[in-house]
Amino acid sequence: MSTSVSCKNVGKIWAAGTPRAHEALRGVDLEVEDGEFVVLLGPSGCGKSTLLYLVAGLEEATSGEMSSFGQSITDPAPDRSLIFQETSLFPWLSVWQNVTFGLSLGSISDKERKEIATEVLTKVGLRAALDKRPHELSGGMRQRVAVARALAMEPKVLLMDEPFAALDVQTRAKMQDFLLDVWRDAKASVLFVTHHIDEAVALADRVVVFTSRPGTIKEIVPVNLPRPRDPFAPEAQDLRKHLTAILSEEVDKAFAEQEALA
Ligand code: ADP
Ligand code: MG
């Protein structure tokens, strides 16, 4: 199996070398297999988003080495796409134009773009929304458009930063099922950030638990539960209990640090 993302001893200091220097990550070692679903779990402010920016190539690590499929990560690449909590769709473009926006800079005709859009929007169950504008869609639908836009780039790695955090609980559960279908289909690796333990256990092949800032890997917990998963299975309950215990230690530490700063 090949490695879709490799981090070796990765550290990130924001504003390094200035009085505002701020260490977000330290000594992160992580190898993500091709096709693997990895969830990053940790207290707020521990550097989860920072790590995704580094993998996306949007920011540079201060130390360590990062690569994707053997290629050193230096810049953003279309096959490593990042999906945020709040989707930024262009309000003046239709859904299909949004979905293929990343392709429109190339030499692709409108006809081809619309074909690609139709294909990926069908995958996310939004074919009927092709000509709609973003404001006509619900929050869950907008996030599915964001996933479709990422799929249009044929990603090998999907980077998702709390993509369902703004959705209500029922919609979120639906979106998790939907994401697992898309993942199976796309055969991409997923690096998914959340601070919800339930979400981690529902989705992950492995859960990477971070310490409070500077984020280091505290424990990597494999989730060997068959899919589709039963959230009430005793093994799932045990996993949630374990994750809750190790996470709450770190949340307490993060709170203490934030109080000291205040
Ligand atoms: P998480 O996503 O786990 O909540 P972040 O990666 O957003 O955490 O942030 C980790 C730390 O780095 C925080 O202390 C945050 O304030 C800081 N940070 C994040 N982005 C920047 C930035 N662009 N410049 C300076 N500091 C940042
Ligand atoms: Mg974050």
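Once the Cα atoms are used to define both axes, helix 110-123 deviates from the longest principal axis of the chain by about 60 degrees. For the chain, the convex hull drawn through the C-alpha positions has a volume of 147 cubic angstrom per residue. When the C-alpha to C-alpha distance is required to be over 26 Å, the pairs from Lys218/Lys241; Lys174/Lys218; Lys12/Lys187; Lys132/Lys187; Lys48/Lys253; Lys114/Lys156 that qualify are Lys174/Lys218; Lys12/Lys187; Lys132/Lys187. Split the chain at each of the chymotrypsin sites (Phe, Trp or Tyr not before Pro) in a DSSP loop with at most 11 other beta carbon atoms within 10 Å, and the longest piece is 93-231. Full extension of the chain segment joining Arg184 with Leu58 gains 42.7 nm, where the gain is 0.36 nm per residue of separation less the Cα-Cα distance. Here segment 121-178 yields Rg over Rh of 0.95, to two decimals, using C-alpha coordinates and the Kirkwood radius.
Evaluating 6.51 cos²θ - 1.76 cosθ + 1.60 at θ = phi - 60° for every residue in segment 18-23, the Karplus couplings come out as 10, x, 8, 3, 8, 7 Hz, glycine and proline recorded as x.
Run the dipole for segment 22-90 about the Cα centre, Lys and Arg Cβ at +1, Asp and Glu Cβ at -1, nothing else charged, and hand back the magnitude in debye, nearest 20.
On the way: 3 positive and 12 negative charges, 52 e Å.
The dipole of segment 22-90 has a size of about 260 debye.
Take the Cβ atoms of Ala233 and Gln170, set R0 to 35 Å, and the FRET efficiency comes out at 0.95.
Ranked by the mean number of other Cβ atoms within 10 Å of their residues, highest first, the peptides 2-11, 243-252 come out as 2-11, 243-252. With 15 Å as the cut-off, how large is the P(r) tail for segment 22-121, expressed as percent of Cα-Cα pairs? In whole percent, the long-distance tail amounts to 72. Simple point charges give the picture: +1 on the Cβ of Lys and Arg, -1 on the Cβ of Asp and Glu, and for segment 99-233 a dipole about the Cα centre of about 160 debye. In this simple spin-label approximation, Asp75 and His242 carry label points 7 Å from Cα along the Cα→Cβ vector, and these lie 4.3 nm apart.
Note on Val251 and Asp177: the extension gain reaches 23.8 nm, defined as 0.36 nm multiplied by sequence separation minus the Cα-Cα distance. Measuring r between the beta carbons of Asp29 and His135 and using R0 = 45 Å, the FRET efficiency lands at 0.55. With all pairs of different C-alpha atoms in the average, the Kirkwood value for the hydrodynamic radius of segment 137-262 is 16.0 Å.
Counting only alpha carbon atoms, the long axis of helix 139-152 and the longest principal axis of the chain meet at about 80°. Footprinting exposure proxy ranking of Leu40, Leu239, fewest other C-beta atoms within 10 angstrom first, gives Leu239, Leu40. How far is the Cα center of segment 185-243 from the Cα center of segment 124-159, in Å? If you average the Cα positions of each part, the centres end up 25 Å apart.
Just to verify a number: FRET efficiency for Leu261 and Lys111, C-beta to C-beta distance, R0 = 51 Å, to 0.05?
Numbers: r = 55 Å, r/R0 = 1.09.
Using R0 = 51 Å, I get an efficiency of 0.40.
When His135, His22, His195 are arranged by Cβ crowding within 10 Å, least crowded first, meaning fewest neighbours, the order is His135, His22, His195. Scaling the Cα radius of gyration of segment 160-207 by the globular reference 2.2 N^0.38 Å produces a ratio of 1.07.
Panel values: segment 72-207, Kirkwood radius from alpha carbon pairs, Stokes-Einstein at 4 °C and 1.567 mPa s, translational diffusion coefficient 85 µm²/s.
Stretching the chain fully between Glu154 and Ser67 yields a gain of 29.5 nm (0.36 nm per residue, less the alpha carbon separation).
Here, each number is a calculation from the coordinates, and none is a lab measurement. Everything numeric in this text was worked out from a predicted model, so none of it was measured. With ideal geometry, Cβ positions are generated from the backbone for all residues, glycine too; neighbour counts draw on all protein chains shown.
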